[in-house]
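The next block holds one structure in the form of structure tokens; read it before the comments.
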Amino acid sequence: ALGPPVVFYDLGEDNFVECPGIAEGPGGAIRPVAIDVAANGCTIAGNRIGYASQFYIGIRVTGWACEITGNQIASRRTEFNILGPIAIAIGIDQGENTAIVISGIAAHNTIFGFQHGIVCSDAFQLVIEGNVIDTFSGFAVFGTRVLASEISSNRIGGALAAVYLNNGRQNRIVSNDCRIGMTGITLFQEAGPQIAGNRLDDPKTDEKIALG
């Protein structure tokens, strides 16, 4: 089966979203999302999103053939927390009925502050290109069970890991500029990756490229 037909339309364009503060406690297990898209064929463009809580997700997409482009997502947190927030989430937190996300694009977004950058799971043929990501010790691009996707021409600074992928296959990581982070490119249980032409400058550990 080829899946549902894709109807293209614009969603969430040129908005300013300032997320309210929420209590940091057990109730934070459910993540609030500033822009949450489950439809297919959407464009999420030109939005400005700000938040301070570790539980927020800026933009989440679980539909097919969506484009996330030209957004600015800023965290106001003053320290890093491994829980988040997460600027852009593709395919994550779908609950028990997880479905693969196909043919998504995240391009030319600006992500800044103490947070994780672009987090993907259960996705096929993604393009993550030309983003500026300064995560202040968060993961810049994190993917699990991502297949046949490309991560290219991103400018990444200060990340816990510039690119971290696990349990995927045939992913292409090329021409990224990664500076002053903890590690560069880390792949774990990935099959058939291509890694070429990346600049990995001044990582704080000796691991510029780690394969496991």
Q.
Can you compute 3J(HN,Hα) from phi for each residue in the range 181-197, using the Karplus curve 6.51 cos²θ - 1.76 cosθ + 1.60 with θ = phi - 60°, rounded to whole Hz and x for Gly and Pro?
A. x, 6, 9, x, 10, 10, 10, 10, 6, 9, 10, x, x, 10, 10, 8, x
Q: Name the shape class, rounded, prolate or oblate, that the alpha-carbon gyration tensor gives for the range 26-81, where a ≥ b ≥ c are the square roots of its eigenvalues, rounded holds for a/c under 1.5, and otherwise prolate holds if a/b is larger than b/c and oblate otherwise.
A: oblate
Q. Quick one: Karplus J couplings for the range 75-87, per residue in order, coefficients 6.51, -1.76, 1.60, θ = phi - 60°, nearest Hz, x for Gly and Pro?
A. 9, 9, 4, 9, 8, 7, 9, 4, 6, x, x, 10, 5
Q: Please report, in debye to the nearest 20, how large the charge dipole of the range 106-196 is about its Cα centre when each Lys and Arg carries +1 at its beta carbon and each Asp and Glu carries -1 there.
A: 80
Q: Just grab the label-to-label distance for THR110 and VAL127, each label 7 Å out from Cα along the Cβ direction, in nm (one decimal).
A: 2.3
Q) In nm, to one decimal, how far is the modelled label at ALA38 from the one at SER137, with both set 7 Å along Cα→Cβ? A) 3.5
Q. Tell me, what HN-Hα J-couplings in whole Hz come from the Karplus equation 6.51 cos²θ - 1.76 cosθ + 1.60 at θ = phi - 60° for each residue of the range 127-138, using x for Gly and Pro?
A. 10, 10, 9, x, 8, 10, 10, 10, 9, 6, 5, x
Q: Would you please give the FRET efficiency between ALA65 and ARG169, computed as 1/(1 + (r/R0)^6) with r the Cβ-Cβ distance and R0 = 22 Å, to the nearest 0.05?
A: 0.55
Q. What order do you get for 64-77, 38-51 when each peptide is scored by the mean count of other beta carbon atoms within 10 Å, highest first?
A. 64-77, 38-51
Q. Using modelled backbone amide H atoms (1.01 Å from N, in-plane), which distant-in-sequence or interchain residues come within less than 5 Å of ARG172's amide H?
A. SER149, GLU150, ILE151, GLN194
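Just so you know, all these numbers are worked out from the coordinates, no wet-lab data involved. It should be emphasised that the depicted structure is a prediction, and the values quoted were computed from it without experimental measurement. When we count neighbours, we look across all protein chains shown, and the Cβ atoms used for this are built from the backbone with ideal geometry, even at glycine.
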